[in-house]
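Trainee: The structure under discussion is supplied below as structure tokens; questions concerning it will follow.
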Amino acid sequence: MEDLRARTTLFCGVIAFAIALSMLLRGRRSAHWLFAAFSTCVAFWYVSQSLAGLLEDPARSRFDRATTVLTVLLPQFAVHLFHSITPLETPSAPGARLPKIAAIVGIPMLAVAVSPFERAGGPIKALALGGVYLYVFGLLAAALTSLWRRGEKSPSRAIRDRIRFLAAVGALAMTFTLADFVAFLGVNLPPIGAVLAVVFLFVLAESLTRPRLADLYELSGRLLVSTALAFALAGIFYGFITYIGRFGEMYLNAVLVAIVVLVLFEPLEHEFETRINRFFFRERYDLESSVVELRRRLAHTLESEEMIEVVIAGLERSRRVTTCAVYLRDQDGNGFDLVGAIGAAPPNRLESLAMRPLLERLGLSMSLEDLAREAEAPNAGETMAPVLTAAEALGTLKSSVLLAVRGDSEELVGLLCVADDRVKDAFTPEEVTLLETVAAQMGVAIANSRIYDRMKERDRLAALGSMAAGLAHEVKNPLGAIKGAAQLLEEVTTDGAPTNDPTVKEFLGIILEETDRLNRVVGSFLDYARPHAGNPVPLDINGAVRRSVQILNSQKSDDVELRLELAEPLPRASIDPEKLRQVLMNLVQNAIQAMNGRGRVTIATSSRRAPRSAWITSPPSGNSGRLPPDDAEVVEISVADTGPGISQKVLKNLFVPFFTTKEQGTGLGLAISQSIVQNAGGSIQVQSQQGSGTKFTITLPASDDVLATPVPTSIAPSAAPAGE
Ligand code: ADP
């Protein structure tokens, strides 16, 4: 038994050293140093006990003395360390005077420990030893009690749980260590105290380096995995040394073992973790396996409805989630709409404005319970008030974990809220990280579904285009015939003389007018359905604007003033001249119509540098794959009128094909203009205020930045472009 005791304490001493070292490797703040000092003291204490047991006199008595000195030092470190775990706010807080008392009592005890008291023999030795052990356990008990009491005073439930747990394990370790020392009463128990003390050190180290220790499961899991791993690796080591030991070369053996251990470490750790989680922590295992399955299925979804179903069903299957809600941001970014949920009825919509303080703090995820605790802390301050108000908007989801679903450029496109209402702090940090991977994959799935939608739309438009071309052909020919016949009828009557009947004349006029209109609509529709890239060349934009205005000037009434404000010099922009003219004519004609033929239209050009994301809507067609750089030179052409402006309702549908407010309108002008500009790699924006006019701004990338657009070899960049 004596031998087992010596070996176990040596073993525990070495582990305590390793724990001290690992703490210093994790950080060098004062808490880390204090812990390392305490742990090293424990390590020396056990090593010296063990050596005293293994060696013979006089070395034995030297280690006995070292053990006694270390015994006296141990509670001093413990008192300071426990003190630093929950700093005291007031001098009257429990245990505030403990470090001072410990120091006062410690000095005479140290004197006893270094004095040759054992030589006095008999009652004096027993008294000295009794005094030292009373001092040690009295002080340790006081330190643990004050730690517990201070923990109980903490407003944070997480801290309370953590301290309770620490104090309980500490008390257990201390009680068994005390039992170890009843040895001197003649009872020799196995040294369970030493093993428990090491467990306590491990738990303490974890609790100091982790923000939360409410999750006891996780901690015990880690402990079990580490122990199992240690046994497995030790087994490998033992096997090597025993069976290949006859190599006679210890160093070579050690290298071999190290290689085997390195190779096996990760797979073994994974294997142990999976098995231990499956047997001991079923819930965690269920969540993990559901998430793996969920992510596998997510990778194959293209439709966003299907994605939402997969996520909700997957989380529900884990049996760890009682409430789950998925929100997606609406088109204009004003809020998030509920698109799927299970559990307690969550709000149908979250307004961006109301949620802003909360969303600004949201990185990948946020536990709303942690947030509430943070707000309870005495130094939380005013800043938390708006965040808490924003959290109120979440209604029944108030205690959930909020996960950010982010799109391509990290913008927030959705929210995933997950809660288990049956327990507090339902998800451990590791589990939250697991859920974060789900949210991240949702972001990818949303981006993919948008690309898929665009592709579907493109295919739909292509089908529409070819159908329109066929239809136009079928409609245009008879239309031409009807118009020709009507014109002929207008000129002649059946007896060969011109008709004078006013009713016939009126009806013929209507036929001609309506065929013209139908022709226009069919032509516009054909225009919209066909691709608009045309033949883009690096174009002198000012020149193109002047030519368009020349044509417009000849058509407009005197009550309309067309003003030009052209910036010189202006970089060229790559676009088909005919197409740009079509866009300009359309914008100016719209402006004139909006002003009821009376007012001023200002056409201005300018250039500036702008971030690509601020203006680009789609890559230029015919682009060989190179996009303009992030911050690029752009050319802007604006058409501003002094008309009545556009109402919010109309503004929303402005670019929607066939949307018109005019009796004779086709509603295709702006849709075609937008698609022409987008095909040239630019965008078109509108600013309008009711009562004070409207301004359309076309933004095109300057030619130098769109080198990828093929320029016909016959046109040198400096030569006047075709169509000028
Ligand atoms: P259409 O001119 O055939 O109606 P458009 O697509 O060109 O089709 O325009 C759609 C609608 O946008 C118009 O019906 C009009 O209500 C509105 N609109 C366009 N330009 C202006 C403007 N400058 N001022 C006010 N409303 C405008």
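The values are calculated or read from the model by the stated rules, or taken from the named source; none is laboratory data. All figures in this text were calculated on a predicted structure; none of them were measured in a lab. All Cβ positions, glycine included, derive from the backbone under ideal geometry; neighbour counts span all protein chains shown.
Trainee: Among the listed residues Val418, Val413, Val401, identify the single one that is of a type in the set (A, V, I, L, M), touching a helix residue (DSSP H, G or I) at 6+ places or on another chain (Cβ under 8 Å) and without any contact (Cβ under 8 Å) to a residue 60 or more places away in the chain.
Mentor: Details: Val418 fails: without any contact (Cβ under 8 Å) to a residue 60 or more places away in the chain; Val413 fails: without any contact (Cβ under 8 Å) to a residue 60 or more places away in the chain.
Among Val418, Val413, Val401, only Val401 is of a type in the set (A, V, I, L, M), touching a helix residue (DSSP H, G or I) at 6+ places or on another chain (Cβ under 8 Å) and without any contact (Cβ under 8 Å) to a residue 60 or more places away in the chain.
Trainee: Can you tell me which of Ala18, Ala6 is part of a helix (DSSP H, G or I) and either over 42 Å from the mean Cα position of the chain (by Cα) or under 28 Å from Pro116 (Cα atoms) (or both)? Explain how you work it out, then say what you get.
Mentor: Values: Ala18 fails: either over 42 Å from the mean Cα position of the chain (by Cα) or under 28 Å from Pro116 (Cα atoms) (or both).
Only one candidate passes the filter, namely Ala6.
Trainee: Answer yes if at least one residue in the stretch 205-220 is of a type in the set (S, T, N, Q), modelled with pLDDT of 80 or more and closer than 24 Å to Ala142 by Cβ, and no otherwise. Break it down stepwise before answering.
Mentor: Going residue by residue through the stretch 205-220, those that are of a type in the set (S, T, N, Q) are 207, 209, 220.
From what is left, the residues that are modelled with pLDDT of 80 or more are none.
Within the stretch 205-220, none of the residues are of a type in the set (S, T, N, Q), modelled with pLDDT of 80 or more and closer than 24 Å to Ala142 by Cβ.
Trainee: Among the residues of the stretch 594-604, is any more than 16 Å from the ligand (Cβ to nearest atom), more than 27 Å from Gln487 (Cβ to Cβ), crowded, with 16+ Cβ neighbours inside 10 Å and at pLDDT below 95?
Mentor: Kept after step one, since they are more than 16 Å from the ligand (Cβ to nearest atom), are these residues of the stretch 594-604: none.
Scanning the stretch 594-604 turns up no residue that is more than 16 Å from the ligand (Cβ to nearest atom), more than 27 Å from Gln487 (Cβ to Cβ), crowded, with 16+ Cβ neighbours inside 10 Å and at pLDDT below 95.
Trainee: With respect to Leu189, is the statement that it is at pLDDT 80 or above and either surrounded by fewer than 17 Cβ atoms within 10 Å (Cβ to Cβ) or assigned to a helix (DSSP H, G or I) (or both) true?
Mentor: Values: at pLDDT 80 or above: no; either surrounded by fewer than 17 Cβ atoms within 10 Å (Cβ to Cβ) or assigned to a helix (DSSP H, G or I) (or both): yes.
When the stated conditions are applied, Leu189 does not pass them.
Trainee: Then there's this: So which residues in the stretch 570-586 are surrounded by 19 or more Cβ atoms within 10 Å (Cβ to Cβ), more than 16 Å from the ligand (Cβ to nearest atom) and of a type in the set (D, E, K, R), if there are any at all?
Mentor: If the condition is that a residue be surrounded by 19 or more Cβ atoms within 10 Å (Cβ to Cβ), more than 16 Å from the ligand (Cβ to nearest atom) and of a type in the set (D, E, K, R), then Arg572, Asp576 are the ones that fit.
Trainee: Could you tell me which residue of the stretch 646-688 is surrounded by the fewest Cβ atoms within 10 Å (Cβ to Cβ), considering only residues that are touching a residue at least 24 places away in the same chain (Cβ under 8 Å), in a helix (DSSP H, G or I) and of a type in the set (S, T, N, Q)?
Mentor: So, considering only residues that are touching a residue at least 24 places away in the same chain (Cβ under 8 Å), in a helix (DSSP H, G or I) and of a type in the set (S, T, N, Q), the one surrounded by the fewest Cβ atoms within 10 Å (Cβ to Cβ) is Gln678.
Trainee: Suppose the filter is near the ligand (Cβ under 6 Å from one of its atoms), crowded, with 18+ Cβ neighbours inside 10 Å and hydroxyl-bearing (Ser, Thr, Tyr); does Thr694 pass it? Before you say what the answer is, go through the steps one by one.
Mentor: On the way: near the ligand (Cβ under 6 Å from one of its atoms): yes; crowded, with 18+ Cβ neighbours inside 10 Å: yes; hydroxyl-bearing (Ser, Thr, Tyr): yes.
Yes, satisfied.
Trainee: Need the failing condition index for Gly543 against (1) in contact with an Asp or Glu (Cβ under 8 Å, 6 or more places away or on another chain); (2) at pLDDT 90 or above; (3) surrounded by 19 or more Cβ atoms within 10 Å (Cβ to Cβ), just the number.
Mentor: Unmet for Gly543, out of (1) in contact with an Asp or Glu (Cβ under 8 Å, 6 or more places away or on another chain); (2) at pLDDT 90 or above; (3) surrounded by 19 or more Cβ atoms within 10 Å (Cβ to Cβ): (3).
Every residue, every condition in (1) modelled with pLDDT under 85; (2) under 38 Å from the mean Cα position of the chain (by Cα), yes or no:
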residue	(1), (2)
Ala230	yes, yes
Phe237	yes, no
Gly248	yes, no
Glu283	yes, yes
Val292	no, yes
Ser304	yes, yes
Glu316	no, yes
Arg320	yes, yes
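Trainee: Okay, next question. Given the conditions (1) under 26 Å from Val418 (Cβ atoms); (2) at pLDDT 85 or above, which single one is not true for Ile259?
Mentor: If we test Ile259 against (1) under 26 Å from Val418 (Cβ atoms); (2) at pLDDT 85 or above, just (1) comes out false.
Trainee: Taking Val339, is it touching a strand residue (DSSP E or B) at 6+ places or on another chain (Cβ under 8 Å), surrounded by 20 or more Cβ atoms within 10 Å (Cβ to Cβ) and modelled with pLDDT of 85 or more? If you could, list the steps in order and put the result at the bottom.
Mentor: Working: touching a strand residue (DSSP E or B) at 6+ places or on another chain (Cβ under 8 Å): yes; surrounded by 20 or more Cβ atoms within 10 Å (Cβ to Cβ): no; modelled with pLDDT of 85 or more: yes.
Spelling it out, it is not the case that Val339 is touching a strand residue (DSSP E or B) at 6+ places or on another chain (Cβ under 8 Å), surrounded by 20 or more Cβ atoms within 10 Å (Cβ to Cβ) and modelled with pLDDT of 85 or more.
Trainee: Taking the stretch 137-165 on its own, how many of its residues are at pLDDT below 80 and in contact with a Phe, Trp or Tyr (Cβ under 8 Å, 6 or more places away or on another chain)?
Mentor: Of the residues in the stretch 137-165, 2 are at pLDDT below 80 and in contact with a Phe, Trp or Tyr (Cβ under 8 Å, 6 or more places away or on another chain).
Trainee: Helices (runs of 4 or more DSSP H) wholly in the stretch 39-137 with at least 3 residues that are free of Cβ contacts under 8 Å to residues at least 60 places away in the same chain and within 58 Å of the chain's Cα centre (by Cα) - which ones? Steps first, answer last, please.
Mentor: Working: elements: 59-85, 98-114, 117-120.
Result: 59-85, 98-114.
Trainee: Right, something else. Could you say which residue among Leu139, Leu127 is farther than 24 Å from Ala173 by Cα and surrounded by 13 or more Cβ atoms within 10 Å (Cβ to Cβ)? Walk me through how you get there before you give the answer.
Mentor: On the way: Leu139 fails: farther than 24 Å from Ala173 by Cα.
Just one listed residue meets the conditions, Leu127.
Trainee: Tally the residues that are part of a loop (DSSP other than H, G, I, E, B) and either buried (at least 22 other Cβ atoms within 10 Å of the Cβ) or of a type in the set (D, E, K, R) (or both), restricting the search to the stretch 395-439.
Mentor: Number satisfying all stated conditions: 12.
Trainee: Sort out which residues of the stretch 658-682 are more than 6 Å from the ligand (Cβ to nearest atom) and polar (S, T, N, Q), and write them in order of number.
Mentor: Matches in the stretch 658-682: Gln664, Ser673, Gln674, Ser675, Gln678, Asn679.
Trainee: Is it true that Ala447 is under 30 Å from Arg162 (Cβ atoms) and not in a loop (DSSP other than H, G, I, E, B)? Step through it out loud before you land on a result.
Mentor: On the way: under 30 Å from Arg162 (Cβ atoms): no; not in a loop (DSSP other than H, G, I, E, B): yes.
Judged against the criteria, Ala447 is not a match.
Trainee: Aliphatic (A, V, I, L, M), within 16 Å of the ligand (Cβ to nearest atom), under 22 Å from Asp527 (Cβ atoms) and at pLDDT below 85 - does that describe any residue in the stretch 635-645?
Mentor: At the first step, the residues of the stretch 635-645 found to be aliphatic (A, V, I, L, M) are 635, 637, 639-640.
Narrowing further to those that are within 16 Å of the ligand (Cβ to nearest atom): 637, 639-640.
Next, only the ones that are under 22 Å from Asp527 (Cβ atoms) stay: 637, 639.
Those left that are additionally at pLDDT below 85: none.
Within the stretch 635-645 (the criterion being aliphatic (A, V, I, L, M), within 16 Å of the ligand (Cβ to nearest atom), under 22 Å from Asp527 (Cβ atoms) and at pLDDT below 85), the answer is no, since none of the residues qualifies.
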